[in-house]
Amino acid sequence: MKVLWITSVYPSGQKPGEGVFHETQVQALRMLGIDVTVICPLPVNPGPLRLLKKKYRRIRSSPEYEERKGIPVYRPPYTALPGQLKWAQPHRRIAEAVLRTIGKHRLAPDMIHAHFAMPSGGAAAVVSERLNIPYALTLHGSDVNVYPHYSKGAFKAFERAVRSASDVLAVSDMLKDKTKEMTGVESAVLPIGVSLDRFQKPSASKAELREKYGLPKDKKLLTFVGRLVKGKGVAELAEAVRQLDDSYAAVFVGDGPEKERIRQKAGGQAILTGQVANQQISEYLAASDLFVLPSYSEGMPTVVIEALALKVPVVCTAVGGVPALFGKHRHLLVKPGSVSELKAAVTDYVEGGKWRADIADELYQKVYEHYDANQNAKALKERYERIVRDLKKGAEVPGGRG
């Protein structure tokens, strides 16, 4: 079976940590014999805009084609406009870029799997209609919680992406319920799995790992992993560590527009690593005293699952699928945007013993039962086979059957 993935984020040689959860799932599908090709369209601002502001002069940092771990990955350009998800939906421009790539390289997928309703899901709807092939859609978080609420046009694009899909998946129960409320469409819960066999405790000690990465050995280290953007709550983490005494430091693993703000707030108590290779994430987590993710919204953040698989204490906001993951321990979660709650949670964990071994063990077991990439790939393969089987039978496949 040939499946075309359409997504706005996928790792590259230049940005190995971007969308790595997609690559993990693709590799698990490949092991099951699914022939996956990825198209990850690259936004490029038009010439006049590039003259106006430096931030619009985006230079292509990834090749238009590369093979990553046996998977063909195409990154065709499409014209992008500032703030387009708020007022000028780009799904048709993205669809044209995808269609050009399919035609140029004679790709012949049996079906499409789009990730994020906006803009990839909207593009998949156009491609699906044009080529008469079905698509599945996975909802991840911001594509339900944030973008559809910007404008009537944004909501319309979201609604079409969901209702036109042959199968709709959500990475958490919360997203499933919210999608039903917004569109009337039923979806199934299937998180993007984590390659848990890679998230075993490293053989090196915490001290050895800190020496390897140049991290201070005498500090209580709080580690954040992800894009350095406002919505991830990185400014609140920087402010919280600033208010703590100098025995604390925060390690920010990733890159993004908030890095200067982080430096301004936390000064020498902030350590910014930039993007790192995915295989190094587990070592940064294991070198830490605490993993912190103070996001304003999420679907089901894979890095939380990875930290729990290593039994690293996790301070996270009560957003998306995280409360369901924590279950009876959801009282440990904090309110988004609250520096005082974040600071109190950190000290309660590190100094007050609020995180216990039995909590770590219970959450570790839950992760291994529900979030393994290989297990989830088997479930995904079954859904793919059903979609293609129904198409071949000539059956009408209702949009959004879970």
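Since every read-out is calculated from the coordinates, none of them should be taken as a lab result. For clarity, every value in this text was computed on a predicted model and none was experimentally measured. Glycine also receives a Cβ, built like all others from the backbone with ideal geometry; neighbour counts cover every protein chain displayed.
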TODO: Would you be so kind as to identify which of VAL26, SER187, GLY13 lies farthest towards the positive end of the dipole of the chain, taking Lys and Arg as +1 and Asp and Glu as -1 on Cβ and the Cα centre as origin?
DONE: GLY13
Task: Cβ charges +1 (Lys, Arg) and -1 (Asp, Glu), total dipole of the chain, debye - done: 1420
Task: Centre separation in Å (Cα based) which lies between the stretch 300-375 and the stretch 101-176 - done: 30
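What 222 nm value per residue comes from the helices of the chain, counting each DSSP H run with n ≥ 4 as -39,500 (n - 2.57) and dividing by all residues, nearest 500 deg cm²/dmol?
On the way: 17 runs with 166 residues, N = 402.
Rounded to the nearest 500, the figure is -12000 deg cm²/dmol.
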Task: Estimated distance in nm for a label pair at LYS2 and LEU32, the labels positioned 7 Å out from Cα along Cα-to-Cβ - done: 2.0
Task: On Cα atoms only, tilt of 122-131 relative to the major axis of the chain in degrees - done: 30
Task: Net charge over other residues, Cβ less than 15 angstrom from the Cβ of LYS2 (K, R count +1; D, E count -1) - done: +2
Task: Cα-projected label distance for ASP173 with GLN365, points at 7 Å along beta-carbon direction, nm - done: 1.8
TODO: Specify the residue with the greatest mean-square fluctuation among VAL322, VAL146, VAL162, computed from a Gaussian network of the chain linking alpha-carbon atoms under 10 Å apart.
DONE: VAL146
Task: Dipole of the chain, positive end: most advanced residue of ALA345, ALA379, ILE359 [Cβ charges, Cα centre] - done: ALA379
Open item on the list: Given the options LEU222, ALA270, LEU332, identify the residue whose Cα lies farthest towards the positive end of the charge dipole of the chain (+1 on Cβ of Lys, Arg; -1 on Cβ of Asp, Glu).
Closed with: ALA270
Open item on the list: Highest mean first, how do 311-317, 66-72 rank when packing is the count of other Cβ atoms within 10 Å averaged over residues?
Closed with: 311-317, 66-72
TODO: In debye, nearest 20, what is the charge dipole magnitude of the stretch 196-370 about its Cα centre with +1 on Lys and Arg Cβ and -1 on Asp and Glu Cβ, if you could check?
DONE: 220
TODO: Please go through the residue pairs LYS86/LYS220; LYS232/LYS311; LYS104/LYS259; LYS2/LYS176 and name each one whose alpha carbons sit more than 31 Å apart in this structure.
DONE: LYS86/LYS220; LYS104/LYS259
TODO: Could you tell me the distance between the Cα centroids of the stretch 248-267 and the stretch 64-89, to the nearest Å?
DONE: 27
- [ ] Using a cut-off of 13 Å between beta-carbons, work out the net charge of the residues near LEU333 (Lys and Arg +1, Asp and Glu -1, LEU333 not included).
- [x] +1
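Using the 10 angstrom Cβ neighbour count as an exposure proxy, how do TRP5, TRP355 rank, fewest first?
On the way: TRP5 25, TRP355 19.
The most exposed by this proxy come first: TRP355, TRP5.
Could you compute the net charge surrounding ASN374? Neighbours are other residues with a C-beta less than 12 Å from the C-beta of ASN374; K and R count +1, D and E count -1.
Numbers: positive: ARG30, ARG198, LYS378, LYS381; negative: ASP197, ASP372.
Neighbour charge sum, excluding ASN374 itself: +2.
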